[in-house]
Amino acid sequence: MNFQIIGTGSSHPACSKTNDDLAKLVETSDEWITTRTGIKSRYVSTGETLTDLACEAAEHALENAATAAQELDLIICATIRGDYFTPSLACIVQQKIGASCPAFDINAACPGFIYALDVAAGYFARKTVKKVLIVAAEMMTKMVDWNDRSTCVLFGDGAGATVLAEGDSLLSIKLTAQGGTDLLNIPNVNGNSPFCDCPKNDPYLFMNGPEVYKFAVAAMERDVKEVVEMAGLTLEDISYVLPHQANLRIIDTGRKKLKIPKEKVLVNIEQHGNISSACIPTLLDELNRKSFFKRGDILALCAFGGGLTTGACILKW
Ligand code: ACO
């Protein structure tokens with residue numbers, strides 16, 4: 001016994017910025033961003049808080065699941081950084097949507113949603129929950145340096161949510177971590193302790209793009225193969241792959257290595273850019289609302305990101 005997804009939701013800020021808009025801020029072009037990443041535009045907060053996005057996604061998911069907030073037994077938020085260090089984003093969402101269950105955040109960067117599914121699966125296995133809300137929400141535009149063209153063009157803001165109920169949808173799941181700060185990090189701000197001689201730092205995202213690129217392609221191929229095998233399936237059994245939306249070239253290269261036809265690999269990177277942990281649940285919601293998936297479809301989810309972490313799983317829709 002684990003879970004099934006009974007509702008999905010998502011939310012993004014009202015303002016979308018195109019590559020041409022960004023070319024007015026940093027030395028870049030629509031041509032460079034499109035050919036290197038597949039991104040054409042991304043949603044950016046002009047005042048919406050992460051809490052606003054997370055709550056809207058949560059409410060959409062609850063409505064889609066025909067579930068009242070009071071029915072929830074657990075709320076898990078995946079986020080790199082909430083609006084507050086404490087309370088957690090999950091606690092704030094719990095209060096705003098009118099739930100009364102335990103709530104906590106997990107930080108596993110881009111695979112955060114898949115990490116949260118694994119945590120939720122444990123609760124379902126122990127039979128201590130019947131309904132769980134997962135919200136993955138990120139405000140990446142507040143963490144990138146808007147003077148750094150190599151990173152600011154890649155990211156966007158948004159939130160994706162799912163409501164889980166008892167079921168047998170999760171066929172396999174795999175998480176990894178290869179800890180280190182050298183390839184990707186977002187430093188915390190140093191405080192103002194009069195006793196610490198800490199240097200003043202810039203709390204912006206640093207990424208060694210080419211190295212993370214290689215890691216990501218290898219992870220996608222390795223993890224999808226492994227979760228397919230763990231589920232007792234073959235790659236041909238996959239109906240659709242929902243990969244982390246970091247870069248269309250990573251997705252395409254990984255897909256070719258797995259020999260999966262293009263039409264089976266789902267993307268929305270063109271309009272959203274990389275919204276870290278919110279990528280996969282947002283994609284899931286956009287397609288679910290179009291009734292894209294059929295009952296029994298086999299979905300492979302895979303993601304990679306800061307940590308470095310990876311997560312992949314097979315879900316039966
Ligand atoms: N516009 C124009 N030129 C640019 C830009 C830009 N926005 N950004 C970089 N360049 C230049 C560089 O300065 C460099 O110029 P040079 O050759 O004169 O030195 C050139 O373009 C090539 O730069 P690279 O970094 O080698 O470009 P690359 O083809 O690797 O693409 C990218 C960069 C898109 C970042 C790619 O490496 C990538 O997608 N990496 C993986 C990112 C990822 O998956 N992240 C996931 C985790 S995110 C998270 O966890 C929060």
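Is there a residue being under 20 Å from the mean Cα position of the chain (by Cα) and either under 21 Å from G156 (Cα atoms) or crowded, with 17+ Cβ neighbours inside 10 Å (or both) anywhere in region 193-203?
Initial filter on region 193-203 (under 20 Å from the mean Cα position of the chain (by Cα)): none.
Scanning region 193-203 turns up no residue that is under 20 Å from the mean Cα position of the chain (by Cα) and either under 21 Å from G156 (Cα atoms) or crowded, with 17+ Cβ neighbours inside 10 Å (or both).
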Exercise. List every residue pair whose Cβ atoms lie under 6 Å apart, where the two residues are 6 or more positions apart in sequence or sit on different chains, the first residue falls within region 255-284 and is surrounded by fewer than 19 Cβ atoms within 10 Å (Cβ to Cβ), and the second residue, located anywhere, is part of a loop (DSSP other than H, G, I, E, B).
Key: E270/K40
Quiz item: When only residues in region 163-183 that are hydroxyl-bearing (S, T, Y) and part of a strand (DSSP E or B) count, which is nearest to the ligand (Cβ to nearest atom)?
Solution: T176
Quiz item: Residues in region 78-91: is at least one farther than 23 Å from N188 by Cα and either among the acidic types (D, E) or in a helix (DSSP H, G or I) (or both)?
Solution: no
Practice problem: Check whether at least one residue in region 214-224 is outside any loop (DSSP other than H, G, I, E, B), of a type in the set (V, I, T) and more than 20 Å from I275 (Cα to Cα), and report yes or no. | Solution: yes
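Suppose we keep only residues that are among the hydroxyl-bearing types (S, T, Y) and near the ligand (Cβ under 8 Å from one of its atoms) within region 140-157. Which one would you say is nearest to the chain's Cα centre (by Cα)?
Looking only at region 140-157, we keep the residues that are among the hydroxyl-bearing types (S, T, Y), and these are 141, 150-151.
Then keep just the ones that are near the ligand (Cβ under 8 Å from one of its atoms); that gives 150-151.
Numbers: S150: 21, T151: 17 Å.
By that ranking, first place goes to T151.
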Quiz prompt | Among the residues listed as A99, A78, the single one being in contact with a Ser or Thr (Cβ under 7 Å, 6 or more places away or on another chain), within 22 Å of R126 (Cα to Cα), surrounded by 21 or more Cβ atoms within 10 Å (Cβ to Cβ) and at pLDDT 95 or above | solution = A78
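Condition first: touching a residue at least 40 places away in the same chain (Cβ under 8 Å), closer than 25 Å to N64 by Cβ and away from the ligand (no atom under 16 Å from the Cβ). Can you find one or more residues in region 107-118 that meet it? First the steps, then the outcome.
Taking region 107-118 as the starting set, the residues that turn out to be touching a residue at least 40 places away in the same chain (Cβ under 8 Å) are 108-118.
When the remaining residues are screened for being closer than 25 Å to N64 by Cβ, the result is 108, 110-118.
This time we only want the ones that are away from the ligand (no atom under 16 Å from the Cβ), so: 117-118.
Scanning region 107-118 turns up at least one residue that is touching a residue at least 40 places away in the same chain (Cβ under 8 Å), closer than 25 Å to N64 by Cβ and away from the ligand (no atom under 16 Å from the Cβ).
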Practice problem: Kindly indicate whether any position in region 48-64 is closer than 22 Å to K17 by Cβ, surrounded by fewer than 23 Cβ atoms within 10 Å (Cβ to Cβ) and among the small types (G, A, S). | Solution: no
Self-check item: Test for G160: is it within 13 Å of the ligand (Cβ to nearest atom), in contact (Cβ under 8 Å) with a residue 24 or more places away in the chain and under 18 Å from the mean Cα position of the chain (by Cα)
Solution: no
Quiz item: Could you count how many residues in region 259-304 are hydrophobic (A, V, I, L, M, F, W, C), touching a strand residue (DSSP E or B) at 6+ places or on another chain (Cβ under 7 Å) and more than 15 Å from the ligand (Cβ to nearest atom)?
Solution: 9
Quiz item: Quick check: anything in region 231-240 at pLDDT 95 or above and closer than 21 Å to L308 by Cβ?
Solution: no
Self-check item: Yes/no for S88 being away from the ligand (no atom under 14 Å from the Cβ), within 19 Å of P243 (Cα to Cα) and surrounded by 15 or more Cβ atoms within 10 Å (Cβ to Cβ)
Solution: no
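Count, please, the residues in region 305-317 that happen to be within 13 Å of the ligand (Cβ to nearest atom) and within 23 Å of D168 (Cβ to Cβ). Walk me through how you get there before you give the answer.
Here is the first cut: in region 305-317, the residues within 13 Å of the ligand (Cβ to nearest atom) are 305-311.
Those left that are additionally within 23 Å of D168 (Cβ to Cβ): 311.
Qualifying residue count, region 305-317: 1.
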Quiz item: Inside region 25-46, can you point out the residues that are near the ligand (Cβ under 10 Å from one of its atoms), outside any helix (DSSP H, G or I) and farther than 23 Å from A278 by Cα?
Solution: V26, E27, T28, S29
Quiz item: Out of curiosity, is T67 surrounded by 17 or more Cβ atoms within 10 Å (Cβ to Cβ), among the polar types (S, T, N, Q), away from the ligand (no atom under 14 Å from the Cβ) and part of a loop (DSSP other than H, G, I, E, B)?
Solution: yes
Practice problem: Go over the candidates A58, A108 one by one and state the one that is under 16 Å from the mean Cα position of the chain (by Cα) and in a helix (DSSP H, G or I). | Solution: A58
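May I ask you to verify whether L89 is under 30 Å from L22 (Cβ atoms), under 19 Å from the mean Cα position of the chain (by Cα) and of a type in the set (A, V, I, L, M)? Show your work before the answer.
Working: under 30 Å from L22 (Cβ atoms): yes; under 19 Å from the mean Cα position of the chain (by Cα): yes; of a type in the set (A, V, I, L, M): yes.
Considered against the rule, which asks whether it is under 30 Å from L22 (Cβ atoms), under 19 Å from the mean Cα position of the chain (by Cα) and of a type in the set (A, V, I, L, M), L89 comes out as yes.
The values are calculated or read from the model by the stated rules, or taken from the named source; none is laboratory data. What you are looking at is a predicted structure, and each value in this text was computed from that prediction instead of being measured. Note that each Cβ is placed from the backbone with ideal geometry, even for glycine, and that neighbours are counted across all protein chains shown.
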